[in-house]
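Input: a single structure, listed below in structure tokens.
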Amino acid sequence: MARQDGSGGRLEAAADRLYGDVDPKEFTAVRDELAARARRAGDRQPAQAIARLRKPTIAAWASNLFVRRRPAETAGLLRLGAQLREAFASADRDQVRELTRQQRRLVAALARRAADLAAQEGHRIGTGAQSEIEQTLRAALADEGAARQWASGRLQRPLPPPTAGLVAPGAGPEAAPAARDAQRAEERRRADAERREQEQQRAAERKTARQAAEDTAAGLRAREDEHRRARADAQRAREDADAAHRRAQVMAEQLRRAEKAAQQAGQHHRQAEEQATAAEEAVAGARRRAEEAAAHLKRLGG
């Protein structure tokens, strides 16, 4: 598929990836990330266009998967469609009958293969989705524009039933109005289904946003509680520090006084030691003088 340069190329690449490589369960997350990348790159319009890309239904996704995985069989159905339209245009009854038989067999076979491919990717195709795949294949056979849409591999919804353009010769004039009525009914059904899906998606987005807001508010309350507790802890720690500082000041004053008392006691001790030494010296002097006086008295004979 040809791609444009610049912003158009970004949109083309995003569409190719989303409708070609992405599992339906991951479609929304991948689309939103691709749109965010485009916004960050300054590609505003492609970002908006990417954000508007719609998640394919399971039948459309399986149809896209088939087109991308089975190119040879895709080409075969396109050839049969061209032959069938040409046969209808030329009103060749025999060829129309033969090609119609081929159409029935081919549609059933290719729809089963699309369902098998989907199952290999982990998606079971129910009866309703199987019918929509077959309807899409018949539309691609009947209309050249529908064939181009199918072959692009970017379907978002199943193709509507074929219009009255391919009515078998001899089917009668009432076939065309009936086909148009069927088409209008199918279009209404698709519109209703799309509306319901949009409503469900909006409800899911509101629920997600509401849950995110509640989680954010709960987180904020938790942070505020933590902040209050931290502030209370800090206040208590400050008070404890102030009390410890005051006790340290008291103890420092007590130590200063004790040191001063120790200095004074030391001075008193030194003075007492000096007085004791002087007293001892005085006693010793008095003792010597007493001994000398006694010796002198003894010499005098008396």
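Structural remarks
- Projected label points at GLU121 and ARG105, each 7 Å from Cα along the beta carbon direction, are separated by 2.9 nanometres.
- Subtracting the Cα-Cα distance of GLN211 and GLU73 from their residue separation scaled by 0.36 nm leaves 45.0 nm.
- Backbone geometry of segment 107-120 corresponds, through the Karplus equation with coefficients 6.51, -1.76 and 1.60 at θ = phi - 60°, to 3J(HN,Hα) couplings of 4, 4, 5, 5, 5, 5, 5, 4, 5, 5, 4, 4, 5, 5 Hz, x marking Gly and Pro.
- Separation between Cα centres of segment 236-302 and segment 23-89, rounded to whole Å: 108
- Gyration tensor verdict on segment 60-117 (Cα atoms; rounded if a/c is under 1.5, prolate if a/b is larger than b/c, oblate otherwise): prolate
- Of the residues ARG54, ARG299, ARG236, the one with the largest accessible area comes first in the ranking ARG299, ARG236, ARG54, computed with a 1.4 Å probe on protein heavy atoms.
- Accessible area in the full protein assembly, largest first, 1.4 Å probe, for HIS227, HIS123: HIS227, HIS123
- Look at the alpha carbon pairs under 8 Å that are at least 6 residues apart: their mean separation over the length of segment 40-150 gives a relative contact order of 36 percent.
- Chain lengthening between ARG112 and ARG93 when straightened (0.36 nm per residue, less Cα-Cα): 4.0 nm
- Segment 9-139 - accessible surface per residue (Å², probe 1.4 Å): 52
The values are calculated or read from the model by the stated rules, or taken from the named source; none is laboratory data. Values in this document were obtained by computation on a predicted structure and should not be read as measured data. Cβ atoms come from the backbone with ideal geometry, glycine included; neighbour counts cover every protein chain shown. SASA here: full protein model, heavy atoms, side chains in, ligands and nucleic acids out. Shrake-Rupley method; radii C 1.70, N 1.55, O 1.52, S 1.80 Å.
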